[in-house]
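In what follows, a structure is listed as structure tokens, so that the remarks can point back to it.
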Amino acid sequence: MKKKGLVVAIVAVLVLTVVVYFAFFAGKSKQANTNGKVVKIGFIGPLTGGAAAYGINAKNGAVIAIDEINAAGGILDGYKIELLIQDNRGDTSETLTIMNKLIDQDKVVAIIGPVTTGPTTVAADIAGQKKVPIVSPTATGDKITSLSDYVTRVCFYDSYQGLIMGKFAADNLGKKTAAILFDNTNDYSMGLADAFARTFQELGGTVVSNEAFSEGDQDFNAQLTNIAAKNPEVVFVPAYYSDDAQILLQARALGIDAIFLGGDGWDSQELINGAGVAAEGCYFTTHYSPEDTSEKVQNFLIKYKEKHQSEPNFAAPLAYDAALLLADAIERAGELDSVKINNAITETSGLSGVTGEFSFDENRNPIKEVTIATVKDGKFALVDKVRP
Amino acid sequence: MGLFVQQIVNGLALGSIYALIALGYTMVYGIIRLINFAHGDIYMIGAFVGYFALTTFNLPFGVSLVLAMLIPAILGMLIERVAYRPLRKSPSIAVLITAIGVSLLIENLAILWFSPDPRPFPQIFPNMPLDFFGIKISIPQIIVFLTSVALMIALNFLVQKTKIGKAMRAVSQDKEAASLMGIDTDRIISLTFAIGSALAGAAGVMVGVIYPRIQPLMGVMPGLKAFVSAVLGGIGSIPGAMLGGLIMGLTESLVTALISSTWRDAIAFGLLIVILLVKPSGILGKSTREKV
């Protein structure tokens, strides 16, 4: 009796697999046939799981760019782009499987993604081995692009932000003393803190206090009391919005009235919801500002809201730019050859996207302007766009 | 010097919260020899009751605080009635594992109902410092410390001066003898859970006032720290729990301020090991001989 049940179960699973297989591929081939000449580009990102907010936004952003390009006649004299969207759930081993599938089975010429730093590290290896370029919209970890010649990104890297903020504090704000409060259990936070300190000191400032906290901390009073004793003009806090809100509130409660500075981890409405008036007058670096009145940004926002009925976060315009970058590179490569496309990507110069105009340095990191935003009357506001 | 005093103030504010939670651990342990691992989660429930009272129902702070003590108290009694009382005659390991189960149940229900995202706790008190001869103490810190001290004084009065307190002390000394003297031990145990849980609920609101961010798993770490505080001070001893909590808070603040935040937990828990090696019954605990 038990054995019979097992056999039935196995048969059922087999039948289900076959059905799903056919349903999946039948759909795919039909789509491809109607388009005639097709260029396949892969997309990898977390569409489910903890980082889904970034993955879904990135996917939506890339889809908008590709629809635009296809509507305008496609690339290379009439090739339409087909985007093969894959969910890696933010998981590294899943990313490995998907990379192999996209390259070996689907024969994509290039891939947009992965979205987060961990999976991008894994994908970089395979991209290098198989010589297929990947363009990450949002992986900011410093080392990503040095892992393989086939990895490019359109976001700036972590220490770049620290550098920009250090320069902003010293030059634009004209401050001489700074304190740093960072999360010493987090690479992102440490990278930003380091770069900020270096730049600020090179430009004649002094870091009077360097305090650390650990992930999950609630109580920042001890560190903030030490900082208050040194009376710095600015406090740089490269952390995520939930911690930032806590730190701002506790700092104001201790009477610290210095200007607080941060990185793109601050860029969330939750910061203002959490900190309220304590967030007023702070500055942080980020990828783009929805308050930017430039035509490119505003057009993108209108299209995004029209198509996806929601407000985008910064992953959407970055993925949009990643798709633009790829289309432009394929056009310049002149043929569907992954190695030539990769060379064309690195030679990109002055491509104008939603998040700015960019070229690449020798490590395939974008050289582009960084947006500096502030909080004013309970809302984010654009301050400046600066180049290093 | 001013800096050092200020760090002590930070430590006292943090420690008074640990002390409030530690009291629940120690009272329950004193009376039925159970480490109630669900206690940290009751503290979380207190924070959420306070949050909803203040935001959704827009109640004044005092009323919210009372509600945030009352509802956890009822919950504490309910947990005791449903999960622990049927196991009163079982081996203590069975009750201990049940306590861990209850803790996981409450945490996951909270994630389900309240969502795992952290919420900002509403700010009721002015977010600024008062200056005492050059030492700046934030108003939330003052409120938290004073409320905690008031609650501890009230508890001390209850345990030492009232008939209920007398009964509680009797049950903790010898359950059988107390019951022979006509004390309804089940009712006293239930009441002990209620009082301990009410204090934890108050601690939840205090944490919202001073570190305004709450989420369903906020009780795990403070629960553990408060448990360590209770053992540090001598588990089963009420003044011991208060002292242990304050020592814990002070150690954390001073280690973070003078050494590094990465050493904080290592030193705090290391302190426990030292105390257990030197004086296993805790600072104020009485060493009792094994009853045969």
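The values are calculated or read from the model by the stated rules, or taken from the named source; none is laboratory data. Because the structure is a prediction, the values reported are computed rather than measured. Positions of Cβ are backbone-derived with ideal geometry, glycine not excepted, and every protein chain shown enters the neighbour counts. Side chains are part of the model used for accessible areas, which takes the heavy atoms of the whole protein and leaves out ligands, DNA and RNA. Shrake-Rupley method; radii C 1.70, N 1.55, O 1.52, S 1.80 Å.
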Inset, instruction - Would you mention how many residues in region B:188-204 are within 14 Å of chain A (Cβ to nearest Cβ) and either in contact with a Leu (Cβ under 8 Å, 6 or more places away or on another chain) or of a type in the set (Phe, Trp, Tyr) (or both)? - result: 1
Inset, instruction - From the list A:Gly281, A:Gly276, A:Gly334, pick out the single residue that is within 14 Å of chain B (Cβ to nearest Cβ), over 25 Å from A:Asn184 (Cα atoms), of a type outside the set (Ser, Thr, Tyr) and open to solvent by 10 Å² or more (accessible area, probe 1.4 Å). - result: A:Gly276
Inset, instruction - Look at A:Asn186 and say whether it is under 19 Å from the mean Cα position of the chain (by Cα), more than 19 Å from A:Lys368 (Cα to Cα) and within 14 Å of another protein chain (Cβ to nearest Cβ). - result: yes
Legend entry - region B:247-273, subset free of Cβ contacts under 8 Å to residues at least 12 places away in the same chain and more than 20 Å from A:Leu181 (Cβ to Cβ), residue most open to solvent (accessible area, probe 1.4 Å): B:Ile273
Legend entry - Test: A:Gln201 is modelled with pLDDT of 95 or more, surrounded by fewer than 17 Cβ atoms within 10 Å (Cβ to Cβ) and away from chain B (no Cβ under 12 Å): yes
Inset, instruction - Being more than 18 Å from A:Lys101 (Cβ to Cβ) and assigned to a loop (DSSP other than H, G, I, E, B) is the filter here, so list the residues in region A:36-56 that pass it. - result: A:Gly36, A:Lys37, A:Gly49, A:Gly50, A:Ala51
Inset, instruction - Residue by residue through region B:15-68, note down the ones that are more than 30 Å from B:Ser90 (Cα to Cα), open to solvent by 10 Å² or more (accessible area, probe 1.4 Å), part of a helix (DSSP H, G or I) and touching a helix residue (DSSP H, G or I) at 6+ places or on another chain (Cβ under 8 Å). - result: B:Tyr18, B:Val49, B:Tyr51, B:Leu54, B:Phe61, B:Val63, B:Leu65, B:Leu67
Inset, instruction - Might you let me know whether region B:264-272 holds any residue that is of a type in the set (Gly, Ala, Ser), within 12 Å of chain A (Cβ to nearest Cβ) and assigned to a helix (DSSP H, G or I)? - result: yes
Inset, instruction - Can you confirm whether region A:18-41 contains a residue that is of a type outside the set (D, E, K, R), modelled with pLDDT of 65 or more and under 21 Å from the mean Cα position of the chain (by Cα)? - result: yes
Legend entry - Close pairs (6 angstrom Cβ cut-off, 6 or more residues apart or separate chains): facing another protein chain (nearest Cβ under 9 Å) in region B:125-143, of a type in the set (Ser, Thr, Tyr) anywhere: B:Pro129/B:Ser138
Legend entry - For B:Pro116: the one exception among (1) within 14 Å of chain A (Cβ to nearest Cβ); (2) assigned to a helix (DSSP H, G or I); (3) surrounded by fewer than 20 Cβ atoms within 10 Å (Cβ to Cβ): (2)
Legend entry - Residue list for region B:219-243, restricted to those being in contact with a Phe, Trp or Tyr (Cβ under 8 Å, 6 or more places away or on another chain) and either under 30 Å from A:Ala245 (Cβ atoms) or in a helix (DSSP H, G or I) (or both): B:Gly219, B:Pro222, B:Gly223, B:Lys225, B:Ala226, B:Phe227, B:Val228, B:Ser229, B:Ala230, B:Ala241
Legend entry - Number of positions in region A:220-231 that are more than 11 Å from chain B (Cβ to nearest Cβ) and either in contact with a His (Cβ under 8 Å, 6 or more places away or on another chain) or open to solvent by less than 10 Å² (accessible area, probe 1.4 Å) (or both): 0
Inset, instruction - Need at least 2 residues that are closer than 28 Å to B:Gly50 by Cα and either in contact with a Lys or Arg (Cβ under 8 Å, 6 or more places away or on another chain) or of a type outside the set (Asp, Glu) (or both) per element, so show me which helices (runs of 4 or more DSSP H) inside region B:130-200 make the cut, counting only ones lying wholly within it. - result: B:139-161, B:163-173
Inset, instruction - Read through the list (1) of a type in the set (Gly, Ala, Ser); (2) in contact with a strand residue (DSSP E or B) (Cβ under 7 Å, 6 or more places away or on another chain); (3) at pLDDT below 95, then give the number of the only condition that A:Ala315 fails. - result: (2)
